[in-house]
Ligand code: TYD
């Protein structure tokens, strides 16, 4: 099973990936947690190019190609083999990020972005996606003090608003795959909501317990 997490900057996805990994391990599931961009040798190099420098201008289409290259390698080298071994793979960002950021954020033709972003997944699709939604104001206030801010964190309020709107409309169009969670709640409550949805949708997760 392939579970992805999406949301704008500062939405707390990474924390939720860690918490879910812990909860699933407690009930003896074999779980692999990963993220995009930046897995493996190629991914690390690509991540450096895309995010680390604030003194280079990257053409939107070049940026799109780099995210797609990162994804194809990630799928081929890690995600597909782990899924084939029967593991649960949790991924912090996947192709919905490309549609939201490069399509709606950067303004590249969304049909083209969908085609390339999804094609780069080499036929692998998330079983379920959690969209952790917060307001842009909350996002910007959370990332202002974040160490290691990157080139995309530094984009404008309008950019992040377009990305958030894109996520909301992706969720509306695919309500059976994408589940929206209010990320303004306490971390613990977000985690409980995620577990509740997993339990309701998949009987294999019936042993996930509520921790109060
Ligand atoms: P990262 O430091 O991993 O932070 P986070 O996911 O916690 O926000 O930054 C990854 C950045 O890359 C993030 O700003 C979103 C962006 N991104 C895209 O623009 N397109 C993509 O396809 C992906 C996977 C990420």
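The values are calculated or read from the model by the stated rules, or taken from the named source; none is laboratory data. Note that this is a predicted model, so its numbers are computed, not measured. Don't worry about glycine lacking a Cβ; one is built from the backbone with ideal geometry, like all the others, and counts go over all protein chains shown.
Tabulated values for the structure
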| item | result |
| --- | --- |
| Residues of region 44-57 classified as in contact (Cβ under 8 Å) with a residue 60 or more places away in the chain and within 11 Å of the ligand (Cβ to nearest atom), total | 3 |
| Residues within region 16-43 that are surrounded by 15 or more Cβ atoms within 10 Å (Cβ to Cβ) and either free of Cβ contacts under 8 Å to residues at least 60 places away in the same chain or in contact with a helix residue (DSSP H, G or I) (Cβ under 9 Å, 6 or more places away or on another chain) (or both), tallied | 18 |
| Residues of region 118-142 satisfying the condition of being at pLDDT below 95 and under 13 Å from the mean Cα position of the chain (by Cα) | none |
| Condition broken by residue 116, with the remaining ones in (1) within 15 Å of the ligand (Cβ to nearest atom); (2) assigned to a helix (DSSP H, G or I); (3) over 25 Å from residue 169 (Cα atoms); (4) touching a helix residue (DSSP H, G or I) at 6+ places or on another chain (Cβ under 7 Å) satisfied | (3) |
| Residues that are closer than 12 Å to residue 92 by Cβ and not in a loop (DSSP other than H, G, I, E, B), drawn from region 1-18 | 3, 4, 5, 6, 13, 14, 15, 16, 17, 18 |
| For residue 121: the one exception among (1) under 25 Å from residue 80 (Cβ atoms); (2) touching a helix residue (DSSP H, G or I) at 6+ places or on another chain (Cβ under 7 Å); (3) outside any loop (DSSP other than H, G, I, E, B) | (3) |
| Residue count for region 91-105, restricted to those that are touching a helix residue (DSSP H, G or I) at 6+ places or on another chain (Cβ under 6 Å) and either surrounded by 23 or more Cβ atoms within 10 Å (Cβ to Cβ) or part of a helix (DSSP H, G or I) (or both) | 10 |
| Qualifying positions in region 186-206 - outside any helix (DSSP H, G or I) and in contact with a helix residue (DSSP H, G or I) (Cβ under 7 Å, 6 or more places away or on another chain) | 206 |
